[in-house]
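Q: Structure provided below as structure tokens; questions to follow.
The values are calculated or read from the model by the stated rules, or taken from the named source; none is laboratory data. None of the values given here were measured: they were computed from a predicted structure. Glycine also receives a Cβ, built like all others from the backbone with ideal geometry; neighbour counts cover every protein chain displayed. To get the accessible areas, we keep the full protein, side chains included, count just its heavy atoms, and leave off ligands, DNA and RNA. Shrake-Rupley method; radii C 1.70, N 1.55, O 1.52, S 1.80 Å.
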Amino acid sequence: MRTEFVAVGSHGTVLSAGGSGRCRNGKGVGMKVLVAGGAMTPFNRRKDGSSWRDWCRDAFVGALTDAALERSAIDALVVASESDFFTLQLNPASMIADTLGLVGCRSCRVEGGGASGHLAVHAGTAMVLSGQACRVAAVGVEASATHLDGKTVGILLSHSFDSWTDGFTGVSSTSIYALSAMAFMERTGATVNDLAAVAVRNRQNARANPNAHLPLDIREEDVAASPVVSSPYRRLDCSPLSDGAACVILSRPEDLPNTGRARVRISGTGAASDRVRLGDRADPGRFRAKESAARRALAAAGITAEAIGVAEVYDSYSGAQLQALEALGLTSDVVADERAGRFASRGELPVNLSGGLLGQGAPVGATGVAQVLATAQQLLGSFPGLNPRWGPKYGLVDSHGGIATTCAVSVLEVQ
Amino acid sequence: MTTRRLTLEHSLPKGRLNPYFEALAQGTALAECCGSCDRVQFPPGGICGQCGAADLAWTSLSGTAVVIHRTDTPDRAFALVRFEGARNSAVVAIANPDVRSNRGRLVISPTCAQGLAIELKCKGSGDV
Ligand SMILES: [Zn+2]
């Protein structure tokens, strides 16, 4: 979806916006969708007695403050949440609208496994572009860490693949990712040391991030000494199950107050899906849908991958980060670039400065929203952790559900 | 803090994949054969993975499989295998994880419910 274009025909309709003026229709030049503001809660295992509804409220109120908007300015809510099993709340969008004081707004829930949050941002972007809403709050939330015991969560998540084959076999996410990583390693020559380097770097990056779940001062030998979960993956190769919420507000520039602050534009979005079962893919180590999603997002933004200066990439497992970088077209030789330090915090293309899922954490529905927020802030140099050394113009955000089965990619651009 | 306990017992009809699951319960590998391009796929999916055709007929495979990749957890093992005669591959549980071998045969595994499981052939033993 190209998010800046000359609209033709009666693309948009003039709609009333919740008490705050009127949406302009989609006609005209230079229609843009900006990340007006955003906020996230810490990602961690909650032990403070707070509820997922509190986390949504905290993230939403923080995003309103960041965007310099009143609650009444929001006219649409898109909620991302992977599973009602965690919250024991069906139809969470209406419950969250109620909790946030957004009664009367249109609200819906978007779900695509680990891509849920990112797909919610895509849905919100489409609402703004089509003139159906002026200012959309995309709220992602998940209580994956503490509401159920780890064994139950593992069983539930094993149904993220083909529930009728993989789910009944009892194979875990980690085993499926391990089999895919082995295919990738066989083809590219990547080693367990390369995987461990990713696990270490993302945890080190997370040490500067006050919201991170796993800011760890570890070395490759610590990864090698951690318990085997499913070979070749060890405990420290795996992202954690986290609790938390994140929110971004999306709008066109003309529908936002002039704060004098620079903002980031969503200049291209792309999504695609792959065969669900690993064995139905021509190369089980390759993330084909991610390749398509990235091509679409980059084409929509009118740039090539070489223009990307910073990226938040879906590192549910250490090897998955290398598989993603390959698929996104951000490197022509991912193993050589990994070993040369290209993706390091002070490298040519810093990846997962937030710590990624491995370091910042992974409350599933909130993950993609937080990835978009982190990239937007990094482009402005305002991320509350590591920021790029130079101010890049373009950033890329990558998320997926399943094992790169449902893929979402966005290109962000400094205005 | 409120504690709630849910017990869920799902009854899941299998629709047009029912013959596959019934065969699996007998330890037999029933695959799909595409009427348009002759591709054989196991496990089945309801649509040809090569040409997209939906006119698929059932065909039996021998049930023997070759291991492509294997992953071990502390108490179980899983593998990506290709069943003889199939073009696609499958994720299976290994029923005898103590054995290291790259060949095996489909078995009924009580621990796998309706999932796929293979028993690996011990090196030096007879046919699989
Ligand atoms: Zn066919």
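Q: List pairs: first in region B:46-57 and open to solvent by less than 30 Å² (accessible area, probe 1.4 Å), second within 8 Å of the ligand (Cβ to nearest atom) and among the polar types (S, T, N, Q), Cβ under 8 Å, 6+ apart or cross-chain?
A: Final answer for the pair search is B:C48/B:S36; B:A53/B:S36.
Q: Every residue in region A:160-179 that is small (G, A, S), within 25 Å of A:A196 (Cβ to Cβ) and in a helix (DSSP H, G or I), please.
A: Correct list: A:S173, A:S175, A:A178.
Q: Something else now. Residues A:R235, A:R275, A:R261: which one is of a type outside the set (A, V, I, L, M, F, W, C), surrounded by fewer than 19 Cβ atoms within 10 Å (Cβ to Cβ) and closer than 30 Å to A:G49 by Cα?
A: Exactly one of A:R235, A:R275, A:R261 is of a type outside the set (A, V, I, L, M, F, W, C), surrounded by fewer than 19 Cβ atoms within 10 Å (Cβ to Cβ) and closer than 30 Å to A:G49 by Cα, namely A:R235.
Q: So is B:L6 away from the ligand (no atom under 16 Å from the Cβ), without any contact (Cβ under 8 Å) to a residue 60 or more places away in the chain and under 20 Å from A:D162 (Cα atoms) or not?
A: no
Q: At least 3 residues that are within 14 Å of chain A (Cβ to nearest Cβ) and within 16 Å of the ligand (Cβ to nearest atom) in each: list the strands (runs of 3 or more DSSP E) lying fully within region B:28-128 that qualify.
A: B:29-34
Q: Could you tell me whether any residue of region A:209-227 is within 14 Å of chain B (Cβ to nearest Cβ), free of Cβ contacts under 8 Å to residues at least 12 places away in the same chain and open to solvent by 20 Å² or more (accessible area, probe 1.4 Å)?
A: yes
Q: Residues of region A:197-208 being open to solvent by less than 10 Å² (accessible area, probe 1.4 Å) and over 19 Å from A:S242 (Cα atoms), which ones?
A: Hit for region A:197-208 is A:V198, nothing else.
Q: Still on this structure: Looking only at residues in region B:11-27 that are more than 13 Å from chain A (Cβ to nearest Cβ) and open to solvent by 20 Å² or more (accessible area, probe 1.4 Å), which one is nearest to the ligand (Cβ to nearest atom)?
A: Looking at the filtered set, the residue picked out is B:P19.
Q: I've got another one for you. For residues in region A:136-164 being crowded, with 24+ Cβ neighbours inside 10 Å and not aliphatic (A, V, I, L, M), which is farthest from the other protein chains (Cβ to nearest Cβ)?
A: A:G140
Q: A further question follows. Go through A:A374, A:A366 for me and flag whichever is within 18 Å of A:N44 (Cα to Cα) and either surrounded by fewer than 21 Cβ atoms within 10 Å (Cβ to Cβ) or in contact with a helix residue (DSSP H, G or I) (Cβ under 8 Å, 6 or more places away or on another chain) (or both).
A: After applying the criteria, what remains is A:A366.
Q: Also, quick follow-up: Which of the residues that make up region A:278-301 are within 14 Å of chain B (Cβ to nearest Cβ) and not in a helix (DSSP H, G or I)?
A: If the condition is that a residue be within 14 Å of chain B (Cβ to nearest Cβ) and not in a helix (DSSP H, G or I), then A:R281, A:A282, A:D283, A:P284, A:G285, A:R286 are the ones that fit.
Q: Moving on to the next point. Could you pull out the residue among A:T99, A:T87 that is in contact with a Ser or Thr (Cβ under 8 Å, 6 or more places away or on another chain), open to solvent by 10 Å² or more (accessible area, probe 1.4 Å) and not charged (D, E, K, R)?
A: A:T87
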